[in-house]
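The structure appears right after this line, and notes come after that.
The values are calculated or read from the model by the stated rules, or taken from the named source; none is laboratory data. No experiment lies behind these values; they were computed from the predicted model shown. With ideal geometry, Cβ positions are generated from the backbone for all residues, glycine too; neighbour counts draw on all protein chains shown. Quick note on the areas: whole protein, heavy atoms, side chains included, nothing else; ligands and nucleic acids left out. Shrake-Rupley method; radii C 1.70, N 1.55, O 1.52, S 1.80 Å.
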Amino acid sequence: MAMMELSAVRRRGSGKELTRKLLSRGKVPGVMYGKGLESRPVEFERRDLEKFLGVARRGTVIVRLSVQDGDDQKESFAVLKETQTNPKTDRVIHVDFYEVAFGKKFRIEVPIRVKGKAAGIEQGGIVEQVTRSLEVECLPKNVPEFLEVDVTPLEIGHSLHLKDITFPEGVVPLEKEMSATIVSVHAPRVEEVVTVVPEEAAAAAETAEGASVAEPGEKEK
């Protein structure tokens, strides 16, 4: 399990104007929420947040959040739930964190990573990752950064399924269909080549085929 630390400040107020001011000052608004917990608006220093996101985007990370609220400072554990970005600049403009109790199980989406070079590639096959993440249930301390599958032995026509994944101790998949496909290797798709005969040529061919051959010296009547 990867764990990082991040600081935030309790945010006062809301609205587009406040958001613009925060972003212009190098801060990013966010919200913290959890099961049975009141939502808390917060703000982060952009530099610290982007450093965290650089790691969190590669896998699941538990973050120890320290939130300054006036003279009080509270710590809690959370996972990144959602990020919003500016469509023009691709910069983060809002983040959501889901708070978790360190001694209680919760559900979380964990990415799947593929390792190795499938044997089917040497046969001209194509590797297709059908499932890119799985929802699991576990304690925060047992959250895997990612789930890894080795595709090395896969030949064309072979697949890896949910039943082939080895889960860390204490981590249970919520998907119950154990035959669900994770990765498969299939032959390249061959497109059928169709030769199109121009309409004029086709018409001429039909005319020639249906025409009668005149006897030598025969005249039209």
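Rounded to 0.05, the FRET efficiency of the Asp150 and Lys105 pair, given R0 = 30 Å and the Cβ-Cβ distance, is 0.60. Extending 7 Å from Cα along the Cβ direction at Arg132 and again at Glu169 yields two label points whose distance is 3.3 nm. Taken one residue at a time, the phi angles of the stretch 13-26 give Karplus couplings (6.51, -1.76, 1.60, θ = phi - 60°) of x, 7, x, 5, 5, 5, 4, 4, 5, 4, 4, 5, 9, x Hz. Gly and Pro are set to x. What whole number of Å gives the distance from the Cα centroid of the stretch 133-190 to the Cα centroid of the stretch 9-79? If we compute the Cα centre of each part, the gap is 32 Å.
Rounded to the nearest whole Hz, the Karplus-based 3J(HN,Hα) values (6.51 cos²θ - 1.76 cosθ + 1.60, θ = phi - 60°) of the stretch 103-112 follow the sequence x, 10, 6, 8, 9, 8, 8, 10, x, 10, with x at glycine and proline. Solvent exposure of the stretch 142-187, expressed per residue, is 52 Å² of accessible area, with all protein chains present and a 1.4 angstrom probe. In the P(r) worked out for the stretch 79-123, what percent of Cα pairs fall beyond 11 Å? The calculated P(r) of the stretch 79-123 puts 79 percent of pairs beyond 11 Å. Note on the stretch 96-145: Kirkwood hydrodynamic radius from all Cα pairs is 13.6 Å, rounded to one decimal. Between Asp72 and Lys16, full extension at 0.36 nm per residue minus the direct alpha carbon distance yields a gain of 17.5 nm.
Within the stretch 44-202, the proportion of Cα pairs with more than 25 Å between them is 52 percent.
Once backbone amide H atoms are built at 1.01 Å from N, Phe146 has Thr60 as its partners under 5 Å, excluding neighbours fewer than 5 places away on the same chain. Here the average projected area of the convex hull drawn through the C-alpha atoms of the stretch 8-107 stands at 7.1 nm². For the stretch 120-131, the Karplus equation 6.51 cos²θ - 1.76 cosθ + 1.60, evaluated at θ = phi - 60°, returns couplings of x, 5, 5, 8, x, x, 10, 8, 10, 8, 6, 10 Hz by residue, with Gly and Pro reported as x.
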